[in-house]
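Heads up, the thing below is written out as structure tokens.
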Amino acid sequence: MDKIKLLADTPLFHKLRPDELALIASVTENINVKTGDYVYRQGEMGHAFYVIVSGKIDLIVNYDDGGSSIIGRLSAGNHFGEISLLTGSPRSRSVKASEDLILISLEKIVFDEILLENPRIHRLLDEALAERLRMASRNLTEAAHRAEESDQAGLKKKEGELLLLNKLSTLAAADLSFEDVKEKITELVLNNFNADLCELYLGTPERLEKSAYCGGIDRSKQAARKEYLKSSSPIYDVMRSKELIYLNSATIKEFGNTYVKYNTAFVVPLICTGDNDPLGALSIYSLEADIFDSDHKKLFIFIAPHIAQLLKNIQFYQESRRQRDELEALSQIGKELNASYDLPRLLYKIVSLTASLMKVEDVILRLTDEHEGVLRIKSYYGITDEVAHTVTQKIGEGVAGKVAEEGKPIISNDVVKDTLFTHNIPGKIRSVLCVPLLMKGNVTGTMSVYDKKTDKEWQPFTNDDQRLLDTIASQASIAIENARIFSDRTAKISAKGDLIRSGDFVGESHQAKQIRAAIAEFSANLRPVLLAGEAGAGKKLAARQIHLESPNLDGPYIEVDARRFDPRLWGGELFGYEKDSFDFAPVRRLGYMEQFKGGTIALSHIENLEKSLQLKLLETIKNGHFQSLGGKRKILLAVRFIFLVDGNIKFLVNSGNFNREIGRAHV
């Protein structure tokens, strides 16, 4: 079976490159399923993703009354099983072979680390998840119809359930933010139960936040203040007991003075079907005593798991979409930053792209002035020119100064109370997130963002925001260093009477023409290149020019000196390593070949690498893939190498410090 061809014929994979298809095919398994057998059953936890090679499947929903129905059929070329892997929820339906099946299966770790890292596949899976959500909405409606048909005596009650479920199901298909969905839920529940107040809480049995509410004195929908419930709140009892509670006027008083006017309340935990732990709770209150009867109680219990699943699905879908958008934005940032070597223009690109991606009011990029021991604003977004040109900050003082001194990020969501905040930028600032700019382990500056805002309100900075800004800062540090190197080299060459323009070596001598011809030849493909010559001969300039004229132009470019580290440590630097693969490896680390995929690595003084590592590098280039230290997964090689050596290649080979094959096969 040619798995590569089979994968290429499916809508999900047909636009991938042959090397990407080969990598995916190498980590898949073939599964045969006979007609009538189940691939998996509803309620089981997902552990694999499937592509249909031949045959057909039925998608089956099982109901609480023991009945079931076929809600769809899929044939060859389609895929299934991704929702459980994306959301972490149990399988929402059973899958049964209606004909003999041949499936291609990918384990969850392969799905996470290979498929989701490909932006195009990630986007298609997001679209599939959205379609499944719409299908789930229809299933909710069908479930309500079944409940209606099973109890003709309770027709009126079932009509109420159907109407409420229909209204809830429209939220799954609507293009609403997670905040809007929460508010819509409280509004629908409030009106359906004719209550006076509805509140939605999300969190854990240890910490709950009031996320949305509707009602109150004027019975209007309101945006909830972000506040956490006190540990003494009876809502926590509902989370721990996982059962609905009924409250009268006496017990409602325990909620505080805000609730003393209410005489009746229901509080129900929100638990998805198949889950053990609630993701929150929902409450309704009435000014009238004993207005909620047993039918209200049954309906409240009935809709709770549907609301829980709706919230969980939309949250996972929007988080997946956010991660995809963030990945694409970071990719675009990388391309933008590596397309310019004009430092002022580059710095402004950094701050403006950061402001757009992180949705913040102000961004300030500071670089260190080592001679005076201060940080100077070099680029900014949001603040005035006057402030930017007059404000400096001593290293060790204030938020940015402390980050520059210690090399660690700082988040402050209440600058009024933060003694570190000594900013004299005008305007009311509530929060700041600052991260260091690091190059070769040294702090070269800081990036600060101020006041994150959505369309509705100010938002505090989170650990996810810090992770994102750290990623941007890492790309920015490399781009700034490359721009500085380019500027320094240009100045040195200009002083010798030569001239480098962006994209061209300029000169009319026979030697200059030979150099341009060689650069054009090597730039036409992405094969490795070996540049040899005496120190100062311009090898790095030629390497950079090859990158600038190559298909990898939009990718990152880095110059790495093999003398920087102990030769024994270079395996981890190049290939990366897995968590706990050796002592002092507490987390997985990406090597240069993963960090700079889609770009070029100019590796100088390769003769300093151990011979075994040179051989491993050569095998990686020949095979087109590699494994991190301690890892088993094959990783696609997506970076171009340019090797730089000082001196004569023949002499280095004869000395035993240089692998003969690199010299022969890749000059």
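The values are calculated or read from the model by the stated rules, or taken from the named source; none is laboratory data. On a predicted model such as this, the values are computed, not experimentally measured, just so you know. For neighbour counting, all protein chains shown are included, and Cβ atoms are generated from backbone atoms with ideal geometry for every residue, glycine included. These area figures cover heavy atoms from the full protein model, side chains too; ligands, DNA and RNA do not enter into them. Shrake-Rupley method; radii C 1.70, N 1.55, O 1.52, S 1.80 Å.
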L299 vs. criteria in contact (Cβ under 8 Å) with a residue 24 or more places away in the chain, under 27 Å from the mean Cα position of the chain (by Cα) and part of a helix (DSSP H, G or I): no
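The rows are residues; the columns are (1) part of a helix (DSSP H, G or I); (2) over 22 Å from the mean Cα position of the chain (by Cα); (3) surrounded by fewer than 19 Cβ atoms within 10 Å (Cβ to Cβ); (4) at pLDDT 85 or above.
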| site | (1), (2), (3), (4) |
| --- | --- |
| D112 | yes, no, yes, no |
| L164 | yes, yes, no, no |
| V189 | yes, yes, no, yes |
| A212 | no, yes, no, no |
Any chance V415 is modelled with pLDDT under 85 and of a type in the set (V, I, T): yes
Sole exception among (1) touching a Lys or Arg at 6+ places or on another chain (Cβ under 7 Å); (2) outside any loop (DSSP other than H, G, I, E, B) for L6, by number: (1)
Subset tally (residues that are surrounded by 15 or more Cβ atoms within 10 Å (Cβ to Cβ) and not in a strand (DSSP E or B)) for the stretch 100-110: 2
Residue within the stretch 306-318 that is open to solvent by less than 70 Å² (accessible area, probe 1.4 Å), over 30 Å from I121 (Cα atoms), under 42 Å from the mean Cα position of the chain (by Cα) and in contact (Cβ under 8 Å) with a residue 12 or more places away in the chain present: no
Pairs where the first residue, in the stretch 222-241, is under 18 Å from T186 (Cβ atoms) and the second is among the small types (G, A, S) and at pLDDT below 75, C-beta under 9 Å, 6+ apart: Q222/G216; S233/G256
Breaking point among (1) over 21 Å from L12 (Cβ atoms); (2) at pLDDT below 80, for T87: (1)
Count of residues meeting criterion [hydroxyl-bearing (S, T, Y) and either at pLDDT 80 or above or open to solvent by less than 40 Å² (accessible area, probe 1.4 Å) (or both)] in the stretch 64-78: 2
Single condition L101 does not satisfy, out of (1) within 24 Å of S54 (Cβ to Cβ); (2) modelled with pLDDT under 65: (2)
Selection within the stretch 386-410 - open to solvent by 20 Å² or more (accessible area, probe 1.4 Å), under 14 Å from G373 (Cα atoms) and of a type in the set (V, I, T): T392, I395
Selected residue (only one of R544, R564, R589 is open to solvent by 80 Å² or more (accessible area, probe 1.4 Å) and either more than 30 Å from I24 (Cβ to Cβ) or not basic (K, R) (or both)): R564
Positions within the stretch 260-290 being open to solvent by 50 Å² or more (accessible area, probe 1.4 Å) and either basic (K, R) or within 16 Å of L190 (Cα to Cα) (or both), in sequence order: K261, N263, L287, E288
Matching residues in the stretch 535-555 - criterion: being over 26 Å from E610 (Cα atoms) and part of a loop (DSSP other than H, G, I, E, B): E549, S550, P551, N552, L553, D554, G555
Count - residues of the stretch 631-655 that are buried (at least 16 other Cβ atoms within 10 Å of the Cβ) and either in contact with a Pro (Cβ under 8 Å, 6 or more places away or on another chain) or within 20 Å of L615 (Cβ to Cβ) (or both): 14
